[in-house]
1. Mind checking whether some residue in the stretch 56-67 is surrounded by 17 or more Cβ atoms within 10 Å (Cβ to Cβ), modelled with pLDDT under 95 and assigned by TED's automatic domain parsing to the domain that holds ASP107?
2. So, in the stretch 182-212, exactly how many residues are among the hydrophobic types (A, V, I, L, M, F, W, C), under 23 Å from PRO172 (Cα atoms) and surrounded by fewer than 17 Cβ atoms within 10 Å (Cβ to Cβ)?
3. Consider the stretch 37-70. How many of its residues are polar (S, T, N, Q), more than 10 Å from LEU100 (Cβ to Cβ) and away from ligand 1 (no atom under 15 Å from the Cβ)?
4. Could you please give the count of residues in the stretch 69-95 that are within 17 Å of GLU121 (Cβ to Cβ) and among the aliphatic types (A, V, I, L, M)?
5. Kindly establish whether GLY34 is within 16 Å of ligand 1 (Cβ to nearest atom) and on the phi > 0 side of the Ramachandran plot.
6. Which of the following residues is in the same structural domain as PRO337 (by TED's automatic domain parsing) and closer than 18 Å to TYR48 by Cα: LEU100, LEU176?
7. Can you tell which of LYS287, LYS299 is surrounded by fewer than 24 Cβ atoms within 10 Å (Cβ to Cβ), in contact (Cβ under 8 Å) with a residue 12 or more places away in the chain and either away from ligand 2 (no atom under 16 Å from the Cβ) or aromatic (Phe, Trp, Tyr) (or both)?
8. Does THR338 qualify as being surrounded by 19 or more Cβ atoms within 10 Å (Cβ to Cβ) and of a type in the set (S, T, N, Q)?
Amino acid sequence: MNVDEDMIWMRLERRSYPIYFGGLRPICNHPVDGRTILVVADSETAQYSDRVTAELAGAKAVSTWVFPAGEVSKTLATAVEICQAALRLGCGRDALFIALGGGVTGDLTGFAASIYMRGIEFWQIPTSLLAMVDSSIGGKTGVDLPNGKNLLGTFHQPAAVFIETDFLRTLPAEHLAAGMAEVVKYGVTLDRAFFMYLERELELPAALEDQDFLRSVIRGSCYLKANIVRRDEYETRGAVRELLNFGHTFGHAAEVLSDYRLLHGQAVAWGMTVAGRLAVRFGRWSKADAARLEALLAKCRLGREHYDCSGLSAEAVLAAMRLDKKNRDGRLRLVLPTGIGRASIAKNVAADDVLAALREVLQ
Ligand SMILES: NC(=O)c1ccc[n+]([C@@H]2O[C@H](COP(=O)([O-])OP(=O)(O)OC[C@H]3O[C@@H](n4cnc5c(N)ncnc54)[C@H](O)[C@@H]3O)[C@@H](O)[C@H]2O)c1
Ligand SMILES: [Zn+2]
């Protein structure tokens, strides 16, 4: 994939926004004169808040609000705290929120921005690989409930996304690997050439630490995701955006059951592995294709030996999956590959088949 530009446009019916790959410099294209700005960061990503606020000259007031890092913070209570911090700062309807962090920060800040005074503007400045390739674009926001992930949420698009790959230098290795799960997801479901590019590049030693490789993967992923979101902004049933949930129905269940010890990307990698085995059972793709997927995940340090699923049972995962937002009338609806670079929705999947695929992977 060759995406050479310094930015791409997320083109939507009602409003388009830029995704910049050139770090924080393009912030100057979006003057903030006279505006009140709340930067939201977690306890790790707050280290970059000075770099962001230095770019906000002319703003009326800028403040950074920091919450404890981790998925356990992705709650309604934290979203309410963000709104209260905004009130204290004097944010009105023309204020701006800036999400500076990974997917947790982005989902929380976007959610808070979508409900604060009935909705205000926000920017995404992603700092994790996962957020750069996936969660910062597309407008899905949300928080978790004890019963499941992202059960409260809105569609609220950012006004701009600024990607600074330098930030990845401090991202812990296991989080870098976790971000690759979403990258592999694009290859499997949408683009065979991209999948093969990943297979080739990940043969090279230390590919995951190579900034040029990461930059190219980020551009390719944003391009693919933007193209899907443009065609199906609100994830209409049966339309293309649903394909991006590949691995996620299994993954969300595993995340919740592990009390979030499994990282989102690890859980998605595990979920793609199970879905891949299920697709073999249904004769949708070959054993060889499933093996290629598993080999690629292992090269991303997302093989089954790279994380701990020992506490999961097939029955518990199935029960948790029944809560998924995508199911209708209690019937399981799953994204399954039909080849490398192609996938479709399987409806009415029988519980016994799901259990068999789960047992295969969990044994
Ligand atoms: N909205 C969407 O479309 C969408 C898509 C995919 C995932 N998600 C959500 O994203 C979340 C997962 O995202 P995530 O993996 O980025 O989680 P995260 O935000 O918790 O970040 C992972 C960890 O890395 C740390 N971190 C982030 N950037 C860093 C940096 N540059 N240097 C040092 N540490 C850094 C964070 O503090 C955190 O501890 C999940 O809640 C998932 O549901 C949302
Ligand atoms: Zn995901």
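The values are calculated or read from the model by the stated rules, or taken from the named source; none is laboratory data. Fair warning: this is a prediction, and the values are worked out from it, not measured in the lab. Cβ: placed from backbone, ideal geometry, glycine included. Neighbour counts: every protein chain shown.
1. No - not one qualifying residue is present in the stretch 56-67.
2. Step one: filter the stretch 182-212 for residues among the hydrophobic types (A, V, I, L, M, F, W, C), giving 183-184, 188, 190, 193-196, 198, 202, 204, 206-208.
Now drop any that are not under 23 Å from PRO172 (Cα atoms), which leaves 183-184, 198, 202, 204, 206-208.
Filter once more, keeping what is surrounded by fewer than 17 Cβ atoms within 10 Å (Cβ to Cβ): 204, 206.
Residues flagged as among the hydrophobic types (A, V, I, L, M, F, W, C), under 23 Å from PRO172 (Cα atoms) and surrounded by fewer than 17 Cβ atoms within 10 Å (Cβ to Cβ) within the stretch 182-212 amount to 2.
3. 1
4. Step one: list which residues in the stretch 69-95 are within 17 Å of GLU121 (Cβ to Cβ), which gives 79, 82-83, 85-87, 89-95.
Next cut, among the aliphatic types (A, V, I, L, M) only: 79, 82, 85-87, 89, 95.
Number of matching residues: 7.
5. Details: within 16 Å of ligand 1 (Cβ to nearest atom): no; on the phi > 0 side of the Ramachandran plot: yes.
No: the conditions fail for GLY34.
6. Details: LEU100 fails: in the same structural domain as PRO337 (by TED's automatic domain parsing).
Of LEU100, LEU176, the one residue that is in the same structural domain as PRO337 (by TED's automatic domain parsing) and closer than 18 Å to TYR48 by Cα is LEU176.
7. Working: LYS287 fails: in contact (Cβ under 8 Å) with a residue 12 or more places away in the chain.
Only one candidate passes the filter, namely LYS299.
8. Values: surrounded by 19 or more Cβ atoms within 10 Å (Cβ to Cβ): no; of a type in the set (S, T, N, Q): yes.
Judged against the criteria, THR338 is not a match.
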